[in-house]
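Structure record follows, encoded as structure tokens.
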There are 6 protein chains.
Amino acid sequence: MKTVVVRNIQRADSNAIGTFEALGVSTVHEALGRSGLMKTYLRPIYAGAQIAGPAVTVLAQPGDNWMLHVAVEQCRQGDVLVVGCTTDNTDGMFGELLATSLRARGVKGLVIDAGCRDVRALHDMDFPVWSKAISAKGTVKATPGAVNVPVVCAGVNVEPGDAVVADDDGVVVVPRKYCVETAQKAQKRHDDEDGKRQQLAAGVLGLDMYKMREPLEKAGLRYVDNPEDV
Amino acid sequence: MKTVVVRNIQRADSNAIGTFEALGVSTVHEALGRSGLMKTYLRPIYAGAQIAGPAVTVLAQPGDNWMLHVAVEQCRQGDVLVVGCTTDNTDGMFGELLATSLRARGVKGLVIDAGCRDVRALHDMDFPVWSKAISAKGTVKATPGAVNVPVVCAGVNVEPGDAVVADDDGVVVVPRKYCVETAQKAQKRHDDEDGKRQQLAAGVLGLDMYKMREPLEKAGLRYVDNPEDV
Amino acid sequence: MKTVVVRNIQRADSNAIGTFEALGVSTVHEALGRSGLMKTYLRPIYAGAQIAGPAVTVLAQPGDNWMLHVAVEQCRQGDVLVVGCTTDNTDGMFGELLATSLRARGVKGLVIDAGCRDVRALHDMDFPVWSKAISAKGTVKATPGAVNVPVVCAGVNVEPGDAVVADDDGVVVVPRKYCVETAQKAQKRHDDEDGKRQQLAAGVLGLDMYKMREPLEKAGLRYVDNPEDV
Amino acid sequence: MKTVVVRNIQRADSNAIGTFEALGVSTVHEALGRSGLMKTYLRPIYAGAQIAGPAVTVLAQPGDNWMLHVAVEQCRQGDVLVVGCTTDNTDGMFGELLATSLRARGVKGLVIDAGCRDVRALHDMDFPVWSKAISAKGTVKATPGAVNVPVVCAGVNVEPGDAVVADDDGVVVVPRKYCVETAQKAQKRHDDEDGKRQQLAAGVLGLDMYKMREPLEKAGLRYVDNPEDV
Amino acid sequence: MKTVVVRNIQRADSNAIGTFEALGVSTVHEALGRSGLMKTYLRPIYAGAQIAGPAVTVLAQPGDNWMLHVAVEQCRQGDVLVVGCTTDNTDGMFGELLATSLRARGVKGLVIDAGCRDVRALHDMDFPVWSKAISAKGTVKATPGAVNVPVVCAGVNVEPGDAVVADDDGVVVVPRKYCVETAQKAQKRHDDEDGKRQQLAAGVLGLDMYKMREPLEKAGLRYVDNPEDV
Amino acid sequence: MKTVVVRNIQRADSNAIGTFEALGVSTVHEALGRSGLMKTYLRPIYAGAQIAGPAVTVLAQPGDNWMLHVAVEQCRQGDVLVVGCTTDNTDGMFGELLATSLRARGVKGLVIDAGCRDVRALHDMDFPVWSKAISAKGTVKATPGAVNVPVVCAGVNVEPGDAVVADDDGVVVVPRKYCVETAQKAQKRHDDEDGKRQQLAAGVLGLDMYKMREPLEKAGLRYVDNPEDV
């Protein structure tokens, strides 16, 4: 690992990011071809937040949050800070003071493959965090890592500037070069769902709406009237 | 595994189900002789819901929600859909559209040994789900499973038509043939607890109320005044 | 293991406990030299509670809550009950009736390295619990354990009378003999944070406020302008 | 749960069991339509054993091995003992003395959804065990369970007399009524594999042998020469 | 946490330790009243070793093995090094070089609530390790911890000088003051088992040998001939 | 995700790979600056293998091994196949037939973030596999993934052609462009260790050899003679 900070990164298209923030994780993940989703152990520290923004990335050492302090300076209005760790770690690398500092720079939220603390204060100040654990465990500032290099966070490779979308369903990462195309597909998918929702609410079966009966029969599905006929 | 849908199932007694829904999981689980409880990794996606209903069962493949669409047609007013999976899987097999479809048929909720998505929308429409994970991961419709065959869900074998009871404490399954007897025992247990609660609130010790002092002494428990006497 | 109940224990200083309850887990944990924190799998059953009190300790057998009934008698106004288990277990050893009994004696809350049930009722009566799991699984009363002996709970050794502090960030244990000293350090830490928070909110960087730039450079951190310079 | 021992059970066809023991878990699991496989946390305590036999089932309480002693009497030559537990538990319910007793009755091995101890002695006496954990934790004999009732073990419902097959790949359960049919399919599958193995060893690609190229193309798979063409 | 090294510790009785090493973990754990057993996630890096010795304890920081180097100097012939960690961590804090150093001082083995590496080399030099993980992850030497203070390792509180016993069944800790008494009980238990083993091998049922039939009947166990009688 | 196969990839330097295979994972991981190590849940299915080779990468769907068959054709003598999965999955995607096919092409081994089966046969044919689980669970061939695109496997981003090194300590990935430099550093590190090993074996303390006493004192470490002096 190079202990380095990259100052200039290219950020994902801001219109696409606006679309992602409006539509949320599940729709964007589908539009990206069902990829880019972080592992499900990453959870919001409180329910209800929905954000999107370009990633400023951090690679941290276990039990050491030095690089988070370094990363603050590299953040701009609208960014999302994304923290990977060189090994599994649940320590509370982030809390109220760092959030105050990020808030002052306009950062929208944090995604961290480690722990978070001061969760009540973070909720009170509406600073959303998606983390692997809630932990008061304090950290040292002893070993440098890196800022704005590619990091794996919760199973997804994140390049600096990629779009990060997070809500109650989890976190998805859209590679920068696919953002515009993905935003269009996501919007289309969203628009199509309204019609489906109305049909389903009216009692139309998905079996019929999606025309599944024939492929199911071809795949070998049988209907029997009673359990003893199985 | 047979890829089959059983159309006719016998549903658990509706009066018993009404009692279960009123009394909740912990009481019903005790009344059943402390059995039938699903594993604790199954959690409600939001707090506060309490339901009971006969099970319509689904056996699904990992990453594939085809059978959930098939199962909708087999559901009736008051049912609870129960989904097992042929292998450990946390993908988001269920979301707002399927919930809209189930709601249209009067289904009370979902118990799924896999993932769920659109959790904010599900909360907004008051459709309760108990799941193993929250995950936006989309699924395919490629391999059939089965509907209304016995499935193991979160460690419990569920036969179609068994009573499923779910609340903030978890999910318990009452075999259909034991429902009436269990409902009576649950009601009795519930009625007995009021008196106990009042005594305990008044400061009576459980040691005395339950007459535990003598059996504890027989089991070898000693009292000493100070740590150094241990 | 000795099956014994110790009647007389020395409780941690009550002023220190008052300070701990006001300042919360993260601050106290730092003041104690970043030690004493229970594992992060221990979570509050509902958000928002913050308590501190001297520990009455219980060592329980798996699936057996007999000793919790025994322990109630040893509790006083302001205590916190702490339950360890001789082996990993998630059964619902604690629920509404035991909480009613503890409430009658003025106990502030429960920390249990096992499961808890009746969580909605506990929330309604404002009796906070930090547990490893939520589980309706009922327990037997068959094998004695011990009360007021040292127990390991969620990775921390707890002596009877130690101060236990719990909030949304987790649970920390302060050994009785360090309580007064730790309370002073915690208060000082808390007071110092106000100034830092104001500076950070005003946009001062932690890099400058904590004077990190020089040590980072010594530790080998480099800044480059572009990714290709890495 | 009924605290009961069922004395007479019907055991799976012995010829089918012989076939299962010869062919092993993966082949049998495929022949059964890819079902009946226990969860992967169940592991052999030593490598190399491969057994099959009709199940004698036990439902045990956490930390309590009383029912294993009861079950010994119900076992016959060639049986496999299968132990489920009313809740997650890793205690060492089984060790050298119980193995000596089962060996005296001709039992082939043990499958237990809990812990096992004395693993070196068990290896020395060639008594194979598939367990969830290795643990020296001793257990009590305080609360009855049941013998020869259906039990869920590591995610699979096992009826008394079902065929249990276990080897280094895991454990699979074949329902009694499907044993003969499944044995035939397993044998056929095994016989077919020899030809495939020879072709593959000679360098024939599975893509060609299984005629996958056309369906892959239909499913949308593209070939490109270089990464930048993606 | 105090960053301190305690030079003089009292070591457990050497005769008792000899008995523990001969009898192994399961017997000693029973003799201690079924307590003191470390969690089951701690596993030997290779099978077959069986050791006992007084504990030299280390409290380490996550990702930092500095204190292990410090601890070497405090070790004597026959000791067992026991390493706890201030937070969950699986990094490879220990490998061939440290083992070479410990071997030079006559240390029998290592018990570490973190990771171990160079496992093939350690096996070749017959230096046994019980660890939470096998991991090549390198560690820093940046933050001091402590040596010969009480540490919690894999769920057990270990005081310096306590007897540590480890084999394929796990690791048990006997408090120094209970060693002599526990060694006597363990020897007696071991001697008694020979007779039982012979009876069981001859086909005597545990039900009869342990006289369980009457207490089982009192506890409510029923025998029925057929499944439909349940 | 693009469903694509990239035919031409650039493979890491073969001399560097030879060095990596000779030195093993721990040394290479250190030489790379302590990065690139896969998570510790990835374990060899049998002990003793040590390999290195350029990665041919596969992105597979849960429960679906179609892409592994596709990937075989892209493999050359000396390659290592690396399989990531779009979601957590433990199914047995790989077994004896695929190994036969890979062996015919000269592939050295497999690293898979999912399950493996036929482990005894794989051991017999000396085909090493590092996997997340051992599972007989069969898989379908229904949904395409990708071959030779970047994949995250067990927490590490792997580009096609990167060097993969695997032994009993785990799996490390060296980015192609750093291979030559890393091989030199690894060789140097290895050469330096011989001298250290000899000194330590002769009883020299690491404290002295590494000159740690002064920095430890500066970091605040104190020595006391007796526990009561803490």
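The values are calculated or read from the model by the stated rules, or taken from the named source; none is laboratory data. Remember, it's a predicted structure, so these values are computed and weren't measured experimentally. FYI the Cβ positions are ideal-geometry reconstructions off the backbone, even for glycines, and counts take in every protein chain you see. When the accessible area is computed, the model is the full protein with side chains, heavy atoms only, and any ligands, DNA or RNA have been set aside. Shrake-Rupley method; radii C 1.70, N 1.55, O 1.52, S 1.80 Å.
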Quick calc, segment A:26-112, dipole around Cα centre from Cβ unit charges on Lys, Arg (+) and Asp, Glu (-), nearest 20 debye, gives 300 debye
Under the helix-only model (-39500 (n - 2.57) for each DSSP H run of 4 or more, divided by the residues of chain C), the mean residue ellipticity at 222 nm, to 500 deg cm²/dmol, is -9000 deg cm²/dmol
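Counting only other chains, what is the mean number of Cβ atoms within 10 angstrom of the Cβ of each residue in peptide A:98-106?
Working: counts 2, 1, 8, 11, 1, 2, 7, 2, 0.
Mean number of neighbouring Cβ atoms from other chains: 4.
What does the structure give for C:15-25 when I average, per residue, the other chain Cβ atoms found within 10 Å of the residue Cβ?
Working: counts 0, 0, 0, 0, 0, 0, 0, 0, 0, 5, 5.
Average neighbour count from other chains, rounded to a whole number: 1.
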If DNA, RNA and ligands are ignored and the probe is 1.4 Å, what is the ranking of D:HIS190, E:HIS29 by accessible area, most exposed first? D:HIS190, E:HIS29
For F:VAL5, residues with placed amide H under 5 Å, excluding near neighbours: D:ARG222, D:TYR223, D:VAL224, F:VAL147
Using the Cα centre of chain F as origin and beta-carbon charges of +1 (Lys, Arg) and -1 (Asp, Glu), tell me which of F:GLY36, F:LEU110, F:GLY220 is placed farthest towards the positive end of the dipole. F:LEU110
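Between F:ALA22 and C:GLU193, what is the FRET efficiency for a Förster distance of 56 Å, r being their Cβ-Cβ separation, to the nearest 0.05? Don't skip to the answer; put the middle values down first.
Details: r = 53 Å, r/R0 = 0.95.
So the FRET efficiency works out to roughly 0.60.
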Just to make sure I understand: if all protein chains stay in place, what is the order of D:SER131, E:SER14 by accessible area at 1.4 Å, largest first? E:SER14, D:SER131
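Taking 22 Å as R0, compute the FRET efficiency from the Cβ-Cβ separation of E:TYR223 and B:LYS185 and round it to 0.05. Spell out each step's value before the answer.
Values: r = 24 Å, r/R0 = 1.07.
Approximately 0.40, to the nearest 0.05.
Given +1 on the Cβ of Lys and Arg, -1 on the Cβ of Asp and Glu, and no further charges, what dipole in debye does segment A:62-195 carry about its Cα centre, rounded to the nearest 20? Please list the in-between numbers first.
Details: 14 positive and 20 negative charges, 93 e Å.
Once rounded to the nearest 20, the dipole reads 440 debye.
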Can you list, shortest first in nanometers, how far B:TYR223 lies from the same residue in the other copies, with each label 7 Å from Cα toward Cβ? 4.4, 5.1, 7.0, 7.0, 8.4
Taking the alpha-carbon distance from A:LYS188 and a cut-off under 16 Å, which aspartates and glutamates remain once sequence neighbours fewer than 8 residues away in the same chain are dropped? A:GLU21, A:GLU30
Count, for each residue of E:216-224, the Cβ atoms from other chains sitting within 10 Å of its Cβ, then give me the mean as a whole number. 6
I'd like to know which of B:MET1, B:TYR46, B:LEU68 lies farthest towards the positive end of the charge dipole of segment B:1-90, counting +1 on Cβ of Lys and Arg and -1 on Cβ of Asp and Glu. B:MET1
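Tell me which trypsin sites (Lys or Arg not before Pro) from segment D:28-104 have a DSSP coil assignment and no more than 16 other beta carbons within 10 Å of their own.
Loop-located and lightly packed - D:ARG76.
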Within 10 Å, count the other beta carbons around each residue, average over each peptide in C:122-130, B:134-142, and list them highest first. B:134-142, C:122-130
Positive-end extreme of charge dipole, chain D - chosen from D:ALA22, D:ALA55, D:MET209 (charges on Cβ): D:ALA55
Reachable lysines, given that their alpha-carbon falls under 16 Å from the alpha-carbon of F:LYS211 and they are not under 8 places away in the same chain: E:LYS141, F:LYS196
I'd like the distance between the alpha-carbon centres of segment E:42-59 and segment F:1-76, rounded to an integer number of Å. 33 Å
Per residue and in cubic angstrom, what volume does the convex hull of the Cα atoms of chain B have? 174 Å³
Given H placed 1.01 Å from N in the peptide plane, which residues other than close sequence neighbours of D:GLY78 have an amide H under 5 Å from its amide H? D:VAL107, D:LYS108
Suppose we consider the axis relating copy F to copy D; can you name the residue of F with the nearest Cβ and state that distance in angstrom as an integer? F:ALA47, 6
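How large is Rg/Rh for the protein assembly as shown, to two decimals, with Cα atoms and a Kirkwood Rh? Provide the component values of the computation, followed by the final result.
On the way: Rg = 30.3 Å, Rh = 32.4 Å.
Ratio of gyration radius to Kirkwood radius for the protein assembly as shown: 0.94.
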Calculate the dipole size of chain A relative to its Cα centre from +1 charges on Lys and Arg beta carbons and -1 charges on Asp and Glu beta carbons; express the result in debye to the nearest 20. 780 debye
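So with the 1.4 Å probe, I'd like the accessible area per residue for chain C, rounded to whole Å². Walk me through the numbers before you get to the answer.
Details: 8040 Å² over 230 residues.
Per residue, chain C has an accessible area of 35 Å².
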Ignoring ligands, DNA and RNA, what percent of the accessible area of chain F is carbon or sulfur (1.4 Å)? 46 percent
With each label point set 7 Å from Cα along the Cα-Cβ vector, what nm distance links C:TYR41 and C:GLN77? 3.8 nm
